[in-house]
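Heads up: the structure comes next, in structure tokens.
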Amino acid sequence: MTDAAAVADHGAVYQPTQKDIRMVIAASSAGTVFEWYDFFIYGTLAAIIGKAFFPSDNATLEILLVWAGFAVGFGFRPLGAVLFGFLGDRLGRKYTFLVTVTLMGVATAGVGMIPSAASIGIAAPIIVIGLRILQGLALGGEYGGAAIYVAEHSPPGKRGFYTSFIQASVVGGFVLSLVVVLGCKAAMPADVWESWGWRVPFLLSIILLGISLWMRLMLSESPVFQAMKAEGELAKNPLKESFTYPGNRRRIFIALFGIAAGLTVIWYTAMFSGLSFLKGPMKVDDTAAEIIVGTAAALGMGFFIWAGRLSDRVGRKKPIVWGYGVTLVLLFPMFWLMGSVANPALSAAAAKAPVTVTGSQCSFDPFAEQQATACGRTLGELTRLGVPYTIVITDGGFDSVKVHIGGREVAGEDPAVLKPALEAMGYDFEKQVPGALGIAVIVAALLGLSALSGFTYGPVAALLSEMFPPHVRYSSLSIPYHLGTGYFGGFLPLIASFIIAKTGNAYAGLWYTWVVVLAAFLITLFMLKDPVEGQWDKAPAS
């Protein structure tokens, strides 16, 4: 690798060879794929993890606890951004993301080694949460390091294209997690998979860690960092200077609420909410749902690279604003379209025989082990079955409930009678595989969502790298990015699942995404300005 004194945003133009840039992109992207694989494998195996580490008599509570664990990892990403952002700005880009990928690989493999809650009790979920915290810390340093490293090797006019491979690599981690899960399930009997085989995808992270370290150790330090170090322009306190550098607070606000929050909820809704929607309320066969979503995600990676390349020509702002605007229009229709074809018989039954629940104390607490009222128990069973319902509150103060299915009253005091009664009215709760046309429509809808995600995500590594001065770039980029993605995106499955459980409407959770995207759209439209090439030439250190 060629050591360069400077690049475009530090006073001189650095033109890496094609061999150099291929190695930079390959090593950074591979590490990003593996690290996100480690992080996403938890979400891909959410149902099994719930049974192993968060068992509960309340199936809704079980899955909510899993998503809470998922959110904990995201919640600690900003702390990782602060810690590793400081190290990246003080010690260098290369060695910092060597540490992050190592921490992630070890923590992920650890999840595969934890005994189940049936064996060690409450210690199991506590250890899982602890490892998720370590994963969150690692991920908080990974993205900024990889994105900046590629950006600081990129010549003017190609930064959007080159860094878009980092953006696509995040999707690649999700796709790899699905491929590994499907491969392991196909290679072993179902009972073996359920008992211990699901641990194999976690343990494989050790191999991926070795490959990533081997590739990244061949890289040299970022030329921008080398130049700043040689000239004595490293930040003394990157965290403090990120918030005191002129104009940086405004840039951090835009990066957090206008960019990171919006792009992440679109992508997580497309992939994680899409997968949960198909497996859950739509009763699509688990393997079929994973193949469908994985195929759409793999095909959709091209949109990320295309949008990054487009941003080199039209600017970073336009693709992002276009993506947000179209998402506001098409988000609900895309999911309605998937719902209409994923399980037509179930959709027809819900339309022909709608469920109405009548009671005086009619509320469902998704976080309760046992519901306190008869109506709550009824709503809990309907939620478990994925059946939409309408609630009618009566004035009586006593604990009672009545259920009408297609106008026919069913004894609602005993939730056990609901499933047979619903089946008698045409509801089929067996897992289904959609027909060829249905699969094609679902893939097309998910591809549409992937395209919108690509437009909002593809240019972002280049944009964020260009928004902030080099001497505090790692910290300034990482902190808002991981606050936005960690809290707005990481908590999305938990919040959306809670909204669905409370309302009985499989589409209600999309309102969370829609509101966040609306805010991001307005902030980006009115506050974001495209960075000017060379604006950080000879940027002062303070």
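The values are calculated or read from the model by the stated rules, or taken from the named source; none is laboratory data. Computed from a predicted model, the values in this text were never measured in an experiment. Note that we place each Cβ from the backbone using ideal geometry, even for glycine, and neighbour counts take in every protein chain shown.
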Candidate set: region 178-219, residues that are farther than 16 Å from Phe40 by Cβ and of a type in the set (Phe, Trp, Tyr); chosen: the one surrounded by the most Cβ atoms within 10 Å (Cβ to Cβ): Trp193
Residue under evaluation Ser119, criteria (1) assigned to a helix (DSSP H, G or I); (2) buried (at least 24 other Cβ atoms within 10 Å of the Cβ); (3) polar (S, T, N, Q), criterion not met: (2)
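Tell me, yes or no, whether region 324-344 has at least one residue that is touching a strand residue (DSSP E or B) at 6+ places or on another chain (Cβ under 6 Å), among the aliphatic types (A, V, I, L, M) and buried (at least 19 other Cβ atoms within 10 Å of the Cβ).
Yes, region 324-344 contains a residue that is touching a strand residue (DSSP E or B) at 6+ places or on another chain (Cβ under 6 Å), among the aliphatic types (A, V, I, L, M) and buried (at least 19 other Cβ atoms within 10 Å of the Cβ).
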Listing of strands (runs of 3 or more DSSP E) fully contained in region 359-423 that carry 3 or more residues being out of contact with any Asp or Glu (no Cβ under 9 Å at 6 or more places or on another chain) and within 30 Å of Leu65 (Cβ to Cβ): 389-393
Pairs, first of a type in the set (Phe, Trp, Tyr) and at pLDDT 90 or above in region 328-351, second crowded, with 16+ Cβ neighbours inside 10 Å and not in a helix (DSSP H, G or I), C-beta under 6 Å, six or more apart: Phe335/Tyr507
Residue in region 86-95 that is out of contact with any helix residue (DSSP H, G or I) (no Cβ under 6 Å at 6 or more places or on another chain) and basic (Lys, Arg) present: yes
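Of all residues in region 40-68, which are of a type outside the set (A, V, I, L, M) and in contact with a Lys or Arg (Cβ under 9 Å, 6 or more places away or on another chain)?
Answer for region 40-68, where residues must be of a type outside the set (A, V, I, L, M) and in contact with a Lys or Arg (Cβ under 9 Å, 6 or more places away or on another chain): Tyr42, Asn58, Thr60, Glu62.
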Boolean, Ala52 is in contact with a His (Cβ under 7 Å, 6 or more places away or on another chain), modelled with pLDDT of 75 or more, in a helix (DSSP H, G or I) and not polar (S, T, N, Q): no
Breaking point among (1) at pLDDT below 85; (2) under 30 Å from Ala451 (Cα atoms); (3) surrounded by 22 or more Cβ atoms within 10 Å (Cβ to Cβ), for Gly300: (1)
Complete set of residues in region 366-381 that are surrounded by fewer than 22 Cβ atoms within 10 Å (Cβ to Cβ) and within 28 Å of the chain's Cα centre (by Cα): Pro366, Phe367, Ala368, Glu369
Answer from Thr295, Thr269 - the residue that is in a helix (DSSP H, G or I), hydroxyl-bearing (Ser, Thr, Tyr) and surrounded by fewer than 24 Cβ atoms within 10 Å (Cβ to Cβ): Thr295
Residue list for region 357-400, filter: at pLDDT 85 or above and among the β-branched types (Val, Ile, Thr): Val357, Thr358, Thr378, Val387, Thr390, Ile391, Val392
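So, in region 126-156, how many residues would count as being within 20 Å of the chain's Cα centre (by Cα) and among the hydrophobic types (A, V, I, L, M, F, W, C)?
Total satisfying the criteria: 10.
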Residue match in region 185-195 (condition: part of a helix (DSSP H, G or I), under 30 Å from Val265 (Cα atoms), out of contact with any Cys (no Cβ under 8 Å at 6 or more places or on another chain) and modelled with pLDDT of 80 or more): yes
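So that you can scan it fast, the table gives a plain yes or no per residue for (1) part of a helix (DSSP H, G or I); (2) touching a Pro at 6+ places or on another chain (Cβ under 8 Å); (3) farther than 29 Å from Leu330 by Cα; (4) at pLDDT below 90:
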site	(1), (2), (3), (4)
Ala444	yes, no, no, no
Ser450	yes, no, no, no
Ser476	yes, yes, yes, yes
His482	yes, yes, no, yes
Gly486	yes, yes, no, yes
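Residue by residue, here is whether (1) in contact (Cβ under 8 Å) with a residue 60 or more places away in the chain; (2) hydrophobic (A, V, I, L, M, F, W, C) holds:
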site: Ala368; (1), (2): yes, yes
site: Cys375; (1), (2): no, yes
site: Glu381; (1), (2): no, no
site: Asp399; (1), (2): no, no
site: Pro415; (1), (2): no, no
site: Lys419; (1), (2): no, no
site: Glu423; (1), (2): no, no
site: Gly426; (1), (2): yes, no
Of all residues making up region 442-499, the number that are among the basic types (Lys, Arg) and either in contact with a Cys (Cβ under 9 Å, 6 or more places away or on another chain) or within 18 Å of Met271 (Cβ to Cβ) (or both): 0
